[in-house]
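Step one of this worksheet: look at the structure below.
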Amino acid sequence: MPFPKLFEPGRIGKLQLKNRIIMAPMITLYVNTDGSVSDRMLDYYQERARGGCAMVTIEASYPRSGGYPGRIFVGSDQCLDGLKKLVEVIHEGGAKACIEVNTHRGMDDEVDPASASEMVHPMKGIKVRALSVAELMELQKAFGEAAKRVKEAGFDCLMIHGGYIISEFQSPLLNKRTDQYGGDVSNRARLGLEFLAVAREGVGPDYPIIFRLPCQRKDISDRSRIIFKLPYDETIEEGFRVEETIVVSKLLERGGVDAIGVTSAAAGNYRDIYGAPNMQMPRGLNASTSKAVKKQVEVPVFVNGSINDPYLAEEILMGGKADFIELGRPLVADPHFPNKTMVGSTEDIRKCILCSRCIESIFRAPVGPMVCSVNPAVGREKEFELRLKPSAQKKRVLVIGGGPAGMEASLIATARGHEVTLWEKDNKLGGQLNLAIIPPGKDELSSLIRYFRFQLDRSGVKVVLNTFATPEAILKYAPDVIIVAAGSKPSVPDIKGLEKRKTVQFEEVLFGKSEVGKRVIVIGGGFVGCETAEFLSEKGKKVTIVEILPQLASELFFPYAYQMARRLTEREVEVYTGVKAEEITDKGMEIIDEQGNRISLDADDIVITTGSVADKSLSKALEGKGPRLYEAGDCREPSRIYEAISQGAEAGLKV
């Protein structure tokens, strides 16, 4: 077996597990409006259980019903029927079933923003009150009742959510109490230990309990170090550090916990989401902390955090850094990650690209059910299973464009039994992904390109490269169906003087087709502009960004926009936001700030990164010419990877 440690049986208390892969809890918002388990949720978790992990941990559930939209309700016996069905489908899929339970979301609680101490929320600016001892007793009572229901529903294991209110009490930055819940680390850990005690009382001595313990990493790499300090930022030296994590772990073990799950995203860390680290952050970033904890306790230790590769997972286990690997986003991207790994088919894994679109979809307005950039079937498992059945009539399908939309459309149409040919104008597949992998820290996207190329090689799709699709050539080919995924074209801003001086599009710079001088102005501070600036800065250029909006990378989820701004500051990129690009001159350009001041900027070259527009020229030329036509990806509307792949899949399903 190529991964002996990953597929070695393990044990949590008296619970035997078939391997060392655990699905981590992740909010999906798939529940019914009353907090009961939906059919959508059943289908989602059953597919993950079928994928080969040892245990599926269901997302955080709450014993309070009001004010938790999209969360599982475990506050009354009325929830038991749905929970029992959830356990049943997971067991049918071949996995053990666990569920995470929380009672209060601390300062972020939708019903009652409250914490260990009174404060002002560091991001929302709202007043957060301090919980009284009597209120803590009520929370513990509700938690104990929820633990009993979890066991009654048939779950094999209970996970205590050690984040939110528990981690806020543990935090020396947030907890300024002078009673028995404040002061030294043992007092600050008291609330979590009391939750463990009431849970143990509710489930009995032999029922496995896991405590998910958020903490900060032992090492903060150069790429991820903090140079901005928000109030209550746990990544600074005064925060909840690994030394205190070890102390709390020992207290939990003494309190009767059966396993400890080491994660990050400690209370108050609003600058970076370490609990869902993106592709610019280190892989396996919590493993050094889990190793430190494992050395000090006898109970099994879990670890998660950007472990999207089976070789890394095996390395962590072989190195004695953890006993079990928790996979969250990787099992969203490909629920069959474990089964494919077990048989050595790692190239067949649709790897998580660590873009965190899943996290963004459930936390960024407009909030909605969880989606995945690379897996369009997420949350639609049953629908995809039904729609992927072979078509009643085999059709001749021509797909134009070998980017993510075109490749996904080709694979789906082929899976349904159609004869598919894919034309790509360049000499390799990938489309805009080949551009997206170039900026610093974006190499994770190359795994998606490799995955698509591997799948196409064995799918039966006829791939024709170096072929520019004209309306005449397409009609001569005589397809029954055309799927146009031809991409977009650069948008040119309306700036005075643009026609008098040569400017460069960002694609030319990233692909190395155009050289630029020492001083460069980047027009456009969206995420593409920021990545281009970072790319140029890494090459020793002095870069200035000019952006009309008040914030850089405003289309990104706020923690990642902050992270981007931090890296640009590290690289000494000059930034002008909330300004108008007034005129391009021989020396550079003139901008006007919000106060109406005119500012002159000198530059050797100017790079345009002001977005793109859909290239509908081919679709319009083919309109009404006979074959059924579908559009997918940027030629429909420029967007991101999720939209491209989802639209490609939908086009393939419609054929």
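Counting only residues that are more than 26 Å from Arg387 (Cβ to Cβ) and either among the aliphatic types (A, V, I, L, M) or buried (at least 19 other Cβ atoms within 10 Å of the Cβ) (or both), segment 616-655 holds 3 of them. For segment 477-491, filtering for residues that are within 38 Å of the chain's Cα centre (by Cα) and not in a loop (DSSP other than H, G, I, E, B) leaves 7.
Taking segment 299-368 as the region of interest, the helices (runs of 4 or more DSSP H) fully inside it that hold 3 or more residues being in contact with a Cys (Cβ under 8 Å, 6 or more places away or on another chain) and touching a residue at least 12 places away in the same chain (Cβ under 8 Å) are 329-333.
Kindly check whether there is at least one residue in segment 210-230 that is modelled with pLDDT of 95 or more, buried (at least 18 other Cβ atoms within 10 Å of the Cβ) and farther than 30 Å from Phe558 by Cα. Yes, segment 210-230 contains a residue that is modelled with pLDDT of 95 or more, buried (at least 18 other Cβ atoms within 10 Å of the Cβ) and farther than 30 Å from Phe558 by Cα. The residues on offer are Leu448, Leu456, and the sole one that is touching a residue at least 60 places away in the same chain (Cβ under 8 Å), closer than 28 Å to Ser356 by Cβ and surrounded by 20 or more Cβ atoms within 10 Å (Cβ to Cβ) is Leu448. The requirement of being open to solvent by 40 Å² or more (accessible area, probe 1.4 Å) and assigned to a strand (DSSP E or B) is fulfilled somewhere in segment 394-406, by at least one residue. Residues in segment 70-86 that are open to solvent by 10 Å² or more (accessible area, probe 1.4 Å) and either of a type in the set (A, V, I, L, M, F, W, C) or under 24 Å from the mean Cα position of the chain (by Cα) (or both): 5 in all. The residues in segment 369-390 that are assigned to a loop (DSSP other than H, G, I, E, B) and more than 21 Å from the chain's Cα centre (by Cα) can be counted, and the count is 3. The one condition from (1) touching a Lys or Arg at 6+ places or on another chain (Cβ under 7 Å); (2) open to solvent by less than 10 Å² (accessible area, probe 1.4 Å) that Asp109 does not meet is (1). Does segment 90-103 contain at least one residue that is open to solvent by 10 Å² or more (accessible area, probe 1.4 Å), part of a helix (DSSP H, G or I) and of a type outside the set (Asp, Glu)? Yes - at least one qualifying residue is present in segment 90-103.
Each residue in segment 116-144 was checked for being more than 20 Å from Phe211 (Cα to Cα), at pLDDT 90 or above and either touching a Pro at 6+ places or on another chain (Cβ under 7 Å) or of a type in the set (Gly, Ala, Ser) (or both), and 6 of them qualify. When Gly596 is tested against (1) crowded, with 20+ Cβ neighbours inside 10 Å; (2) on the phi > 0 side of the Ramachandran plot; (3) not acidic (Asp, Glu), exactly one condition is not met: (1).
The values are calculated or read from the model by the stated rules, or taken from the named source; none is laboratory data. Just so we're clear, the structure is a prediction, and the values are computed from it rather than from any experiment. Note that each Cβ is placed from the backbone with ideal geometry, even for glycine, and that neighbours are counted across all protein chains shown. When the accessible area is computed, the model is the full protein with side chains, heavy atoms only, and any ligands, DNA or RNA have been set aside. Shrake-Rupley method; radii C 1.70, N 1.55, O 1.52, S 1.80 Å.
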